[in-house]
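Working notes, structure below.
Every number in this text was worked out from the coordinates using simple rules, so none of it is lab data. Fair warning: this is a prediction, and the values are worked out from it, not measured in the lab. Backbone-built Cβ (ideal geometry, glycine too); neighbour counts: all protein chains shown.
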Amino acid sequence: MITDSYLIHISPSMNGEIVICTIKYCEDGELKQNKLPIASSFFEELGYPYEIDSPFLLSSEEMDNIIYLSQLTSAINKGLDLLYYSQSSEKGLKDKLVRKGFSREISEKAASYIEENGFIDELSQAELFAKDLAEIKLYGKNRIKNELFKKGYKQTVINEVLDTLDVDFVEICKKRITATMKSDSFSSKERASKNVNALIRYGFSFSEIKSALNRL
């Protein structure tokens, strides 16, 4: 249990983007000291001066708030690092942060902050992903919808992508048939039914399959 917490020093870091709060506190009877980084925008919300002449006592609520904002700052920085190596949806980034050891609440708040500040463009990401699924994986619209959902994209983003996706799914279906099925795949009722079901699993509608077969 933490008691008798004091803010003893405040110093800017990273060209003023981060404020380092040095806290001295007593935990389970042992005197400890810790430096907690907080984003400058969050620090301003605390209402503390940037320079202090002498340590001042923090209430338990103030201490908890400083710890929370420090954890949030660390999660945001980690999230930005993760995005540098691999783009992600807001939900996908939240899940990655949880796997990195941050609490679900902190991870969700950090991912939301990153998205709101323009570092995640879900629509552009989803558009590129959907186009690759169609043109490279040869998936139909329903399968693409499921894949976008599994990636964590918002429903509004998925709907907009599918409504505006400039893809001829009949032609994509034709390519899948040509690439993965034998020339006589639809020569019998049993084989035709089996292959139609396979094409449906890849996201194509009955009408798209019928039109694709007519093109062949």
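Quick rundown of the values:
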item: Cβ-Cβ FRET estimate between Asn159 and Asn117, R0 fixed at 25 Å, reported to 0.05; result: 0.55
item: For segment 37-46, 3J(HN,Hα) per residue [Karplus equation, 6.51 cos²θ - 1.76 cosθ + 1.60, θ = phi - 60°, Hz, x = Gly/Pro]; result: x, 9, 4, 4, 5, 6, 4, 4, 5, 6
item: Extension gain from Leu216 to Tyr84, taking 0.36 nm per residue of separation minus the Cα-Cα distance; result: 43.1 nm
item: Within the chain: Cβ-based charge dipole about Cα centre, in debye rounded to nearest 20 (Lys, Arg +1; Asp, Glu -1); result: 2220
item: Förster-model FRET efficiency, 35 Å R0, Asn15 and Ser205, C-beta, rounded to 0.05; result: 0.05
item: Spin-label pair Asp166/Ser124, simplified geometry with 7 Å Cα→Cβ offset, distance in nm; result: 1.7
item: Extension gain, Thr180 back to Lys194 (0.36 nm per residue minus Cα-Cα distance, nm); result: 3.7 nm
item: Kirkwood-Stokes translational diffusion coefficient of segment 2-116, alpha-carbon pairs, 37 °C, 0.692 mPa s, µm²/s; result: 218
item: Interchain or long-range residues, amide H under 5 Å from Leu36's placed H; result: Cys21, Thr22, Ile23
item: Cut-off under 5 Å, modelled amide H: who pairs with Tyr139 long-range; result: Ala134
item: Reciprocal mean inverse distance between Cα atoms of segment 122-215 - Kirkwood radius, Å; result: 13.6
item: Helix-only CD estimate at 222 nm, as mean residue ellipticity for the chain, using -39500 (n - 2.57) per DSSP H run (n ≥ 4); result: -18000 deg cm²/dmol
item: Over the chain: Rg over Rh, Cα atoms, Kirkwood Rh; result: 1.26
